[in-house]
1. Take the range 121-212, drop everything but the C-alpha atoms, weight them equally and run the Debye formula without solvent; then report log10 I(q)/I(0) at 0.12 Å⁻¹ to two decimals.
2. Could you please report the charge total around Ile261, scoring K, R as +1 and D, E as -1 over all other residues with beta-carbon less than 10 angstrom from its beta-carbon?
3. Output ³J(HN,Hα) for the range 170-183: one whole-Hz value per residue in order, computed from phi by the Karplus curve 6.51 cos²θ - 1.76 cosθ + 1.60 with θ = phi - 60°, and x for Gly and Pro.
4. For the range 174-287, go through all pairs of different Cα atoms, get the mean of 1/r, take its inverse, and jot down that Kirkwood value in Å.
5. Can you list residues whose amide H is under 5 Å from Val137's amide H, if they're 5+ apart or on another chain and H is modeled 1.01 Å from N?
6. For Asp44 and Thr130 in one chain, what is 0.36 nm times their gap in residues minus the Cα-Cα distance, to one decimal in nm?
7. So if I restrict to the alpha-carbon atoms in the range 204-271, what is the Rg, and what is Dmax, the biggest pairwise distance, in Å?
8. Which of the residue pairs Lys140/Lys207; Lys140/Lys220; Lys45/Lys207 have a Cα-Cα distance greater than 19 Å in the structure shown?
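The values are calculated or read from the model by the stated rules, or taken from the named source; none is laboratory data. Just so it is clear, the structure is predicted and the values come from calculations on it, not from any experiment. Methodologically, a virtual Cβ is constructed for each residue, glycine included, from the backbone with ideal geometry; neighbour enumeration extends over all protein chains shown. The protein model used for the area step is the full one, side chains on, heavy atoms only, and it has no ligands, DNA or RNA in it. Shrake-Rupley method; radii C 1.70, N 1.55, O 1.52, S 1.80 Å.
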Amino acid sequence: MKPFFATMLLVCSTWPLVWAQSQNAGASSPNVTNGASTPAITLDKEAVQNANKAKAIIDQGIQALGGQTWLTIRDQEQQGRTYGFHHGTPTGGGGPFWRFFQFPDKDRIEFTKERDIAQVFVGDKGYEITYKGPHPVEKKDLDDYLRRRNFSLERVLRTWVNDPNVVLLFEGNAIAAQHPALQVTLVNSQNESVTLYFDIDSHLPIKKAFEWRDPVDRQKNLEEEVYDNYKPVSGIMAPYSVTRFFNGDMSNQRFLNSITINQGLDPAMFDPNSGYNPNKVSKSGKH
């Protein structure tokens with residue numbers, strides 16, 4: 001762990017006051033006070049400047065993604081092909097998929113050419129739907145999905161960044177996915193952290209990494225995602241290639257053929273008991 005990173009973690013408990021003071025009074029102010037009954041907190045000028053630098057890089061990245069248009073995406077449809085790997089070795093020839101996501105917590109992924117197998121996640125519930133009907137996904141699979149959603153790029157840039165209890169750390173220059181990048185880490189009040197890498201030229205996020213401890217063997221695991229082949233879509237920039245790594249080994253690749261945003265999605269697709277048929281278009285024209 002870098003010395004500066006370790007130092008910053010020690011001030012997490014006072015960060016809401018630090019961040020508010022840096023925004024309202026500027027980094028040059030030496031103290032924060034909260035009325036006569038609260039003692040002044042001495043700020044580390046370097047720490048505040050570092051956080052401001054991290055925030056500026058994140059804001060620049062959000063603007064590169066599409067700014068307010070990207071931040072206010074209501075729903076998204078993706079169509080493409082997905083490939084699975086085990087310890088970096090392909091597990092098959094891959095297959096088509098369709099994904100429908102409604103921010104912040106509704107997700108449907110359909111598989112096979114017939115689209116007759118689907119996974120639906122709503123809130124903290126997950127279901128697999130087959131010709132036999134819906135049934136809950138296994139706990140491990142649900143935990144994995146909920147963890148990835150909590151650390152998703154959308155959740156981090158739309159929710160974490162606006163949480164006053166989240167610490168922002170600029171960690172300097174780095175190489176990510178063979179590109180020069182700027183590295184920023186966010187740490188929340190549960191001491192969970194996620195690191196983002198922004199391309200030094202395009203300012204787009206090109207990699208994300210986070211660690212978590214397995215509840216069974218207590219070992220740490222590292223999950224990473226690499227974003228590539230960005231293309232413009234209705235006022236935003238979207239990656240058409242996403243590669244996931246688990247403890248350094250490739251675990252999944254997705255290559256997208258099309259992305260559509262804010263088309264309005266049929267609520268029935270997120271109800272596992274609705275009998276929703278993806279091969280039939282509703283009267284409203286919604287998917």
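1. Listed by q, the Debye log ratios stand at -0.49.
2. That sum, taken over residues with Cβ under 10 Å, equals -1.
3. 8, 10, x, 7, 8, 10, 10, 6, 6, 10, x, 9, 10, 9
4. Details: mean 1/r = 0.0583 Å⁻¹.
Computed over Cα pairs of the range 174-287, the Kirkwood hydrodynamic radius comes out at 17.1 Å.
5. Gly126, Tyr127, Glu128
6. 25.3 nm
7. For the range 204-271, the Cα radius of gyration and maximum Cα-Cα distance read 16.0, 45 Å.
8. Pairs exceeding 19 Å: Lys140/Lys207; Lys45/Lys207.
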